[in-house]
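First, the structure itself, so that you have it in front of you.
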Amino acid sequence: MIPAYHRNAPIAAAEVTTKARVFGSRGSPFGLASAGAILVGQAIGGARRDRVAGLVGLTFAVAAAWESLVAVAYLALGLTWTFRSVLAVVADPEYYDPVTTVDWVAVWSYSLALAFAAVTVPLLARDAGAGRVASGIAWIAGAGALLAAVANGVEDGVGIASWGSIYVVGTMTMALALLALAAALWIDRRQRQAAVAIMWLLGFATINVGLSFLVLVGSIMAIAARRRTAATS
């Protein structure tokens with residue numbers, strides 16, 4: 001006769017997987033769910049049923065924390081670009097030759113917005129479960145954004161004008177790679193994430209005319225796409 005704790009192992013493993021996937025999309029939450037399920041199975045197999053509830057709760061908490069961090073990253077991207085865009089329209093800062101506090105805020109908030117792009121563009125491809133081509137393009141776009149963030153800070157923040165050409169290379173790399181990413185995601189049948197990439201690109205390109213709220217719209221779309229992926233997985 002099979003012991004009760006062995007018979008219950010698949011049920012507990014399924015429970016921990018389901019709980020971890022409540023907040024999950026593709027990627028890390030699934031790995032966490034699998035790891036949690038393995039630990040639960042080991043606990044039950046070793047007659048340590050008292051540990052099951054704690055392992056289920058821990059897996060759920062870690063997965064939820066990860067998902068919260070991802071959502072924060074997406075929202076931070078949208079909010080920083082929106083803030084910088086509104087600042088450009090309302091205050092018309094002299095970010096090329098900063099003097100006032102508003103000027104300096106314009107310089108460094110722009111670098112911060114680019115830095116967030118360096119993180120979230122590869123994250124978008126990961127969430128989409130994109131293939132190698134799309135993932136590689138996303139990392140190129142992220143690298144371009146990071147290069148532009150540093151170059152902008154050095155050129156306008158520190159005052160080394162020669163970094164202007166590096167900034168141009170970074171922004172052009174980011175923009176072209178983001179356009180290519182949208183195409184690659186569409187080919188991979190990841191239409192929602194492709195739409196996000198297009199929204200981001202449009203928002204990035206219109207920062208000085210007050211339309212970068214499109215980046216925030218795209219970020220909300222990205223979060224919604226994660227939820228939809230989790231619900232249909």
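So, in the range 81-132, of the ones that are crowded, with 21+ Cβ neighbours inside 10 Å and in a loop (DSSP other than H, G, I, E, B), which residue ends up modelled with the highest pLDDT?
Applying the filter and picking the extreme gives Pro93.
Given the residues Trp66, Trp81, Trp139, which is the only one that is aromatic (Phe, Trp, Tyr) and within 20 Å of Ala183 (Cα to Cα)?
That would be Trp139, the only listed residue that is aromatic (Phe, Trp, Tyr) and within 20 Å of Ala183 (Cα to Cα).
Does Ala175 satisfy being assigned to a helix (DSSP H, G or I) and over 17 Å from Tyr110 (Cβ atoms)?
Criteria not met by Ala175.
Same structure again: Do the conditions hold for Trp139, that is, is it in the same structural domain as Ile223 (by TED's automatic domain parsing), touching a Pro at 6+ places or on another chain (Cβ under 8 Å), aromatic (Phe, Trp, Tyr) and within 18 Å of Ala118 (Cα to Cα)?
yes
Could you say whether any residue in the range 181-195 is among the aromatic types (Phe, Trp, Tyr) and either assigned to a loop (DSSP other than H, G, I, E, B) or buried (at least 17 other Cβ atoms within 10 Å of the Cβ) (or both)?
no
The values are calculated or read from the model by the stated rules, or taken from the named source; none is laboratory data. These numbers come from a predicted model, not from an experiment. No Cβ is skipped: glycine too gets one built from the backbone with ideal geometry, and neighbour counts run over all protein chains shown.
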